[in-house]
Amino acid sequence: MTATITALLEALTAGEVEIVDLTQPLSESTPIIHLPEPFANTPGLKVHDISRFDERGPAWAWRWLEMGEHVGTHFDAPSHWITGRDKADLATLPARDLVGPVVVLDRVAETEADPDYLLTIEDIERFEAEHGALPAGSWLFLRTGWDARAEDAESFLNVVSGQPHSPGIDAACARYLAEQSPVIGVGVETVGIDAGAAGGFDPPFPVHTFMLGAGKYGVTQLANLARLPATGAAVVVAPIKLVGGTGSPVRVLALVPVS
C-alpha cells in the first residue's frame, strides 16, 4: 500500500498525473438557482470585511461570508431532500465516498441541439458498451458544455417564459443510477443536479428524489470537464464538514493521467 501512494506522489511530481480543478470561481456574481413563488430562495454569496490591515486588525485581513449552503459549485448531501431527510448530512457522510473513479459522459453536441437534453438509460448502456461497466463507487459527470455560460447568469439559468431550460437526467435514468448502478454520485455543469424542466417530471426533481433518497450524492456547476477522459481519472469532492449541513460550496479536483 505504501508503494501505491509513493507511486502516485512520484507521478504527480513527474507531471505524469495532472490535477484538474473542476470548480467554478465563487463570487458575489455567481449565478444561483431561483425558485418560483411561494418557495423561499437561497441567498447568494455576500462578503464582509472584518479587518483589512487597518485599525480593526493592523497586521491581518479576514472576512465573514453570508450565503446559502447551495451556492456555486456545491455538494448535495442526502439530507438535502425529503427522500433522504433521515440519511447522511455533511458531517456524517463517509469520507471514503468523497474520493473515487470518475466517468464523463460527453453530451455537448446533443445539448447544443436541444438545451433540454436528458440523459437516458440507453445512453448509459451505449457508454458501457464502448468503455466498460461503470466502476463501483464512481462518480458520473455529465458534460454538456454548460460551463461556458457560467459567467452570464441570464444564459446560465436560461429562463424563457418563466421556465428554466437546461440539460440533465431523465426520471428513469435517475432511478437507475440510484437503485441499480454502482455510482456513488452524479455531477453536472448546470445550477442544480436536475434538469431545468424537472419540476414537471414524474416524480418532480427525480435526481434529487432518487439519488439523495438512496443515500447518494450530487455536485453542481462543474467546470473543465473537457479536460477529463471518459474513464481513467479519479476525483476528490470535498465539502465542508458542517454539522447538520445539507450542502456546501465544494472544491472538486480530478487526478488525470497525462498521456
Quiz item: What about Leu35, is it under 23 Å from Ala197 (Cβ atoms) and free of Cβ contacts under 8 Å to residues at least 60 places away in the same chain?
Solution: yes
Quiz item: Name the residues in region 176-212 that are surrounded by fewer than 21 Cβ atoms within 10 Å (Cβ to Cβ), in contact with a helix residue (DSSP H, G or I) (Cβ under 6 Å, 6 or more places away or on another chain) and within 27 Å of Gly132 (Cα to Cα), would you?
Solution: Tyr176
Exercise. Inspect region 143-166 for any residue being within 22 Å of Val183 (Cα to Cα) and hydrophobic (A, V, I, L, M, F, W, C) and give the result as yes or no.
Key: no
Exercise. Would you be able to say whether some residue in region 22-43 is in contact with a Pro (Cβ under 7 Å, 6 or more places away or on another chain), under 26 Å from Arg143 (Cα atoms) and surrounded by 10 or more Cβ atoms within 10 Å (Cβ to Cβ)?
Key: yes
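If you check Ile5 against the conditions, is it touching a Gly at 6+ places or on another chain (Cβ under 8 Å), more than 26 Å from Ala197 (Cβ to Cβ), open to solvent by 40 Å² or more (accessible area, probe 1.4 Å) and of a type in the set (Val, Ile, Thr)?
On the way: touching a Gly at 6+ places or on another chain (Cβ under 8 Å): no; more than 26 Å from Ala197 (Cβ to Cβ): yes; open to solvent by 40 Å² or more (accessible area, probe 1.4 Å): yes; of a type in the set (Val, Ile, Thr): yes.
No.
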Exercise. Assess whether Thr13 counts as being over 23 Å from the mean Cα position of the chain (by Cα) and among the polar types (S, T, N, Q).
Key: yes
Quiz item: If a residue has to be free of Cβ contacts under 8 Å to residues at least 60 places away in the same chain and open to solvent by less than 60 Å² (accessible area, probe 1.4 Å) to count, how many in region 44-85 make the cut?
Solution: 9
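The values are calculated or read from the model by the stated rules, or taken from the named source; none is laboratory data. Computed from a prediction, not measured in an experiment: that's the story for all the values here. As a convention, Cβ positions derive from the backbone with ideal geometry for all residues, glycine included, and neighbour counts pool all protein chains shown. The area values use the complete protein model at the heavy-atom level, side chains included, leaving out ligands, DNA and RNA. Shrake-Rupley method; radii C 1.70, N 1.55, O 1.52, S 1.80 Å.
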